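What follows draws every value from the coordinates through simple rules; no lab data is involved. Nothing here was measured: the structure is a model prediction, and the numbers come from that model. Don't worry about glycine lacking a Cβ; one is built from the backbone with ideal geometry, like all the others, and counts go over all protein chains shown.
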Amino acid sequence: MRNRPADCLHKVVPVELLNIDETTQQHFARIHRAALVLCGNPWDADDLAQETFLVLARQGGNFQGRSSIYTWLYGILLNLDRRERRRYGMRRRKLRVLWDNQPADHGTTPGADAKAEVSEWKKSLWARVSLLPEGQRQALVLRFSEGLAYDEIAEVLECPLGTVKSRIFHGLAGLRRLMEEEGEESRQLPAYPGEDLSHAI
Amino acid sequence: MPFDPKLIHPDEPPVNGAGDLELPDDLSALAEQLTDDAAHLAASYPAELVPAELVPAVSQAAAVARPAIQSPARRGLRSRTGVALLTAAVAAGLAISLSVPLAVSQWPASSAGNPSVATAPPAAPEAEAPPAAPNQGDEPVPIKSAAPRSQTVLSLTELSGPELEALLDLQPVSASVSF
């Protein structure tokens, strides 16, 4: 598990001492990494991470100082990601209505609703994780990408500790089921060129 | 044999004594793979540097939102002021609600000599009454006193709220009612 930053260890930042610029400099890379895992491409991850800190700047007064600023930022990020997914779904449904009225054109170009995702993400397990239910997906990202402890994940997701463990367990089980449905074996993953596969099953 | 049911919850994740998840080997491998994939993605698309336009934008947004950021002491003062104002408003409302029935109960006695307040049918029926026959001589027509109207005095204490409000609406504008 990745080492967590020092302030992640339940260090409480008083709201008066919350330096927005310093916080941005300190946490942008990690928030961007989580956004990249969630979005699947660095461009959307940039937007999502920057918007996270803009929300921090605008709503810093709402930060109660009861938790670490780190978990609070993750909460903002996940809320923004949820909003983006909802918008994307609505946009896709609208475009689907338009396409249904057009004559069938089985071209090879991707549709206008196709998400831009980088190949590294598509080949990774995170592409499958994105198909899981929201709660499981968020728990898996916070645990295995960001290395948060169970109680920190419970704090971010605002749910009991047992729920976090259940979501992680069932998220992994759902991931395994998805792979079985795709006819893949876990030993064939990943397919990164040049990567040492000796640790894989 | 004692009844000792063992509840089985197949949906509950396996947890060891320390409260940590005990994942099967295949799920542990998946978890490890997820961690490796995340590290690989982060290495492929690093974001070590904060975008140049973000810091001024964040500073500007923070400056705009700064009045909303208050210290706990100021928030406490503000909440106490709000509670005080709310208490004062409730007390004023209570005083008014208590004084209204009191004033209404004293109203018939004080307004007995003022029929324009307590009578339901005002002067309109009289104004519409047919004029007296002109051939009855030049005897002046006695002006009816207000005394007979006393039989139409309503007991305001028996009126409901809407009825009382309607009665007040029917009064002339010049009449002033104070509580």
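Structure values in brief
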| read-out | value |
| --- | --- |
| Virtual spin-label span in nm between A:N19 and B:V55, 7 Å along Cα→Cβ | 1.2 nm |
| Rounded FRET efficiency, nearest 0.05, which uses the C-beta distance separating B:L170 from B:A91 and R0 of 45 Å | 0.90 |
| Peptide B:21-31, shielding by other chains (average Cβ, 10 Å cutoff) | 6 |
| Label point distance in nm, A:M90-B:D4, each placed 7 Å from Cα along Cα→Cβ | 5.8 nm |
| Surrounding net charge for B:P101, when Lys and Arg each add one and Asp and Glu each subtract one, Cβ distance under 15 Å | -3 |
| Inter-site label distance for A:A29 and B:L98 at 7 Å from Cα along Cβ, in nm | 6.8 nm |
| FRET efficiency for A:D47 and A:E158, using Cβ-Cβ distance with R0 set to 25 Å, rounded to 0.05 | 0.50 |
